[in-house]
Amino acid sequence: MFYWTPPPKPATAPASRFSEQRARGHVHMLAEEIGLRSVATPGLQAAHSYIWQFSQQLQQQAAGSGVVVQAAFENYTGSFDFDFVGERFVNAYHNISNIMLQVSRQGSEQQPSVLLVAHHDSPVGSPGAGDDASNVGVMMELASNLVAGGAANLPASPVMFLFSGAEEPLCQSAAAFMASSSWASRVGCFINLESIGPGGSPIVFQHAGAWTIEAYAKGAAYPRGAIVAQDIFDAGLVLGDTDFRQLSYLHRGGLPGIDVAYLLAGAAYHTDRDTLAAIRPGVLQETGDSLTGAIRSLADTLAAAATSSSPTELQQLLKPSKHKQMFMAIGATHMITYSTAAAATLHNVPLVMALSAPAVLQLLAPATALPVADALRVMSKAAGISCITFVSTMAVPAACGALRAWATGRPMVWFAHPIVAFLSYLPISIAVLLLPWSHMNYDSPQGQQLLPYHMLGGALLNSLVAAVLTRFGVGLALIFAMWSGFGVLAALAMARGFSMTALLGALLATALPIYCCAETALVLLVVLISRMSLTGHIFSGLGDAIVGVLLGLGAVSLPGSCLLPAVQAMLGRHSRRVIAALLALALLAAAVASSGLLWPYSKEMPKRLMLGHVHYTAAAADAAAAAGTDGPVPMRVVNSSWVIASSDSIPAGVLSDAMGFNRSEAQAPTGNEWGMIYPVSKLLDLELFPAEPAAGVVGHLPHVKLLATRPVPPHNNRTKAAAAVAALTEAHFEIFTEKPCWATFKISGVDIARWSLFDGEGWTEAATFIASQQKGSGSSIAKRKKGAAGIAVDVGEDWGDGVVRNLVVKWTSEQQQAPLRWPVRVQYYSKQQQGVAGAGRDEQQHQQQQEGRAGEQTGSSSSSIGETGLSVELHVGYVERTAELAAVQARMPEWSTLTYEATIYISSWEF
């Protein structure tokens, strides 16, 4: 049922009905005609123009029909703090864009609206058909449907569309919308549309506000999703982020809403394989049909609250709440939902059922039933066995997989051959499940008597886990509660001992949890196996360990602990032979995986390549002469390299070898070559090889220019003792880049008290940054000690209050008509005995600083500068494809795929 999709409607379908073929026309224009649309490239400007022209045409079409179409094109400059992969930094943006469109009845324009969000910028180096042109095309077709249907058929509330122009640089456009757009105050709720694979299907995997998922389940034609996905995302087990975090009141935003994403074909995610052809027929039709109904259901809820006689009903509806709604799809067309308040009661019912079952068995089988006290002892022992089995079923295959990969040096062989993963780990998991029960003889009278109580032990364990998880608000409790309740019924079916009829009754009793777990486990396996190319570099066996855990979890979820004694009763004395056969099969699969006969990659499941043309730069000999002028600082390239990077368990060397790089020329990487995409740069395996400098990328190389330093009064919260040995200095410098770019800069070497990143922007206090870090969703670490080297955010307490060391700022820019001279100001503490510059600009001192500040960095990212020296490390990347990049890409093997490309300039500056 998960792979099923409705038949696509043709372009000749009525204009008021959703047509996949028309939506595909928009995707074709964005992903194939325009192509690469990443921030800082001309393709994104073309995408802006295409969507804006569509909005204007829709306005003309609606004129005089009673349908009001409003549109706006907004640009933003600003910054916000961000957490990603456990690191905290400032995420800044310059002149990024959003396009907003709203369709409503005349007179209702200001009522709370239902917001749909998708981003039309693509990942770097990818056409981004699935991520996220597919959903942009869906939104454009839905907007056309609303206008064509006329005013009488519009939803009860306005429908707003946000075409987000900078999601890939870590959700910048959604943050800018919430912070700066006047349209944000008109939003009542939202549906964010994303993709982590172009294969579909649309799955709800996060929500904020119980009523939003209730309305979605009621209105969507195909309400797919499960609360388990939200648990996985909340736990940080998926490397990624979406605009949901910037919009929802559970995180940074203030809105209720849901997050919907495509999950399948994850190997194409963020690569050049994310094409229109990879989007399965029917996926867009399903998305459009589901959103058509969901929009109306959400709009009805908003309108009812807005027009209620109670003035507080709308306020209560939109009020932030941390309570989740339990939800799980049953097939493609139904979804069960209930509140966490209801779960607090419902999820305790199975525990009551399990504890009451011995008394029920005395009624069903008085001749063989155990006394209640004896029954509870047997059940408790069985629950303990089930608990050990549950943990072992995941731990044993994970350990075996990691050990095999490490010992043989052949990790991830299953990536292009998923059957190898199933044959390697699933038999081990099943053997571990059966082993604790294999000694039981359920054919004997005593065994027949104990069978239902052993099954009840599994139900008891599930009920206890469900109660605990519910107490902590974990959605996975729904699965355990389901297995516990239906598991009790399965045990009661065995009241008179094992028989094929009793087994059939037990299977019928547990059909619902078996189906739900089978579908959920299969989807998770397919999705997460395909994403193993994104992670695993930390340890060569990490990917194998993760897949072992996943297959073990899938194996244990199908019988749910409750049915294992019944399986043993069915196998009888043959169970040990079955276990031996399973282990032999696993050993055979492991031998094949270790033999070298199978290559871990294929055209369909490729290895990801991040290709960088890196240049270390320094100030030219005549830099001092330019220091006192308004012109750019002359720069020179000191060293150039190709950086080959990958992120999975197999070293990047397999790519560089296949591409013909000479291993004898390999250079030692610093780890900061990909600093422009910090903190993803921390997750990569790198290899460096000599390269000629890029030609004609920019006329003037990016650089940092000190403009002035001056002393300023110390903070009010600084103690007198600290103020006696420290002075507060303000440095004003600019970062120069001739073209739009992706970049990172790090300010280090001093205790930073506050900073301002743009003209007219207020100061950000270090204490506020530290406090928000402690409350942030991505990291709970408030104090780091990593030293001055490397890109990292450090929080120090050396002066008795919060300061920031190694402040990292990521930024992107676009729509740049002239070179960007980005003004940056920082105020920091330094020791008085070393002195600070006088008020204003001391020209002689300034020129000396400008001349000596950029050392010749041939491989290091930053040099030691003492306790009070201000240092700036600059990483600037231009992501347009150059002739040099294209030539190296042509050498890529067919079993690899491009996931990022850039021409990078790195420099270090000391003041």
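Just read off the accessible area of SER297 with the full protein assembly in place, 1.4 Å probe, to the nearest 10 Å².
Near enough 20 Å² of accessible area.
Which whole number of Å³ per residue matches the convex hull of the alpha-carbon atoms in the range 291-397?
On the way: hull volume 24.9 nm³, N = 107.
Considering the Cα atoms of the range 291-397, their hull volume per residue is 233 Å³.
Relative contact order for the chain using alpha-carbon pairs under 8 Å, separation at least 6, rounded to a whole percent?
13 percent
I need the calculated FRET efficiency for the pair GLU313 and GLN106, taking r as the beta carbon distance and R₀ as 25 Å, to the nearest 0.05.
0.55
Taking the Cα-to-Cβ direction at ALA518 and at ARG891 and moving 7 Å from each Cα, how far apart do the two end points lie in nm?
5.0 nm
Give the separation of the Cα centroids, the range 232-279 to the range 868-911, in Å.
26 Å
Given Cα pairs under 8 Å that are at least 6 residues apart, what percent is the relative contact order of the range 640-711? Walk me through the intermediate numbers first.
Values: 67 pairs, mean separation 30.7, N = 72.
RCO, the range 640-711: 43 percent.
Can you work out the Karplus-derived ³J(HN,Hα) for every residue in the range 899-911? Use 6.51 cos²θ - 1.76 cosθ + 1.60 with θ = phi - 60°, whole Hz, and x for glycine or proline.
Once rounded to whole Hz, the list reads 10, 6, 8, 6, 9, 10, 10, 10, 9, 10, 10, 10, 10.
Given all pairs of different Cα atoms, what value in angstroms does the Kirkwood hydrodynamic radius of the range 108-245 take?
Averaging 1/r across every pair of different Cα atoms and inverting gives 16.1 Å.
Which length gain, in nm to one decimal place, applies between GLN56 and GLU692 when the Cα-Cα distance is subtracted from 0.36 nm times their residue separation?
So the chain would gain 224.3 nm between GLN56 and GLU692.
So what J values fall out for the range 812-823 if you push phi through Karplus, 6.51 cos²θ - 1.76 cosθ + 1.60 with θ = phi - 60°, rounded to Hz, Gly and Pro as x?
My calculation for the range 812-823 gives 10, 9, 8, 6, 9, 7, 9, x, 8, 10, 8, x Hz in order.
What does the charge dipole of the chain about its Cα centre add up to, to the nearest 20 debye, if the Cβ of each Lys and Arg holds +1 and the Cβ of each Asp and Glu holds -1?
Magnitude of the dipole: close to 2400 debye.
Students often get this wrong, so check it: of LYS603/LYS746; LYS607/LYS682; LYS218/LYS324; LYS603/LYS810; LYS607/LYS739; LYS9/LYS607, which have C-alpha atoms separated by over 28 Å?
Too far apart for the 28 Å limit: LYS603/LYS746; LYS603/LYS810; LYS607/LYS739; LYS9/LYS607.
Using helices alone, what [θ] at 222 nm do you get for the chain, with -39,500 (n - 2.57) per DSSP H run of 4 or more residues, divided over all residues and rounded to the nearest 500? Could you put the intermediate results ahead of the total?
On the way: 26 runs with 346 residues, N = 911.
It lands at -12000 deg cm²/dmol.
Using the charge dipole of the chain (Lys, Arg: +1 at Cβ; Asp, Glu: -1 at Cβ; taken about the Cα centre), state which of LEU58, HIS439, MET412 has its Cα farthest towards the positive end.
It is HIS439, whose Cα lies furthest towards the positive end.
Using the alpha-carbon centroid of each, what span in Å lies between the range 57-89 and the range 571-603?
Measuring centre to centre over Cα atoms gives 53 Å.
What's the local net charge at LEU250, with K and R +1, D and E -1, over the other residues with C-beta under 12 Å away? Provide the component values of the computation, followed by the final result.
On the way: positive: ARG245, ARG252, LYS322, LYS324; negative: ASP234, ASP259.
That works out to +2.
Can you find, among PHE689, ALA13, PRO350, the residue farthest towards the positive end of the dipole of the chain? Put +1 on the C-beta of Lys and Arg, -1 on that of Asp and Glu.
So the residue furthest toward the plus end is PRO350.
How far apart, in nm, are two points set 7 Å out from the Cα along the Cα-to-Cβ line at SER339 and at ALA621?
A separation of 7.8 nm, rounded to one decimal place.
Report the full-extension gain for the segment SER356 to ARG576: residue separation times 0.36 nm, less the Cα-Cα distance, to one decimal in nm.
My answer for the length gained is 75.8 nm.
Farthest toward the dipole's positive end in the range 187-328, which of ILE203, HIS251, PRO281, given Cβ charges of +1 (Lys, Arg) and -1 (Asp, Glu) about the Cα centre?
HIS251
Short version: what are the Cα gyration tensor semi-axes of the range 186-305, square root of 5 times each eigenvalue, largest first, in whole Å?
Ellipsoid half-lengths, sorted descending, are 24, 18, 12 Å.
Each residue of the range 157-164 in order: what ³J(HN,Hα) in whole Hz does its phi give by Karplus 6.51 cos²θ - 1.76 cosθ + 1.60, θ = phi - 60°, with x for Gly and Pro?
Here the 3J(HN,Hα) series is 10, x, 10, 10, 10, 10, 8, 7 Hz.
The values are calculated or read from the model by the stated rules, or taken from the named source; none is laboratory data. On a predicted model such as this, the values are computed, not experimentally measured, just so you know. Every residue, glycine as well, gets a Cβ built from its backbone with ideal geometry; the counts of neighbours run over all protein chains shown. Heads up: the accessible areas ignore ligands, DNA and RNA and are worked out on the full protein's heavy atoms, side chains in. Shrake-Rupley method; radii C 1.70, N 1.55, O 1.52, S 1.80 Å.
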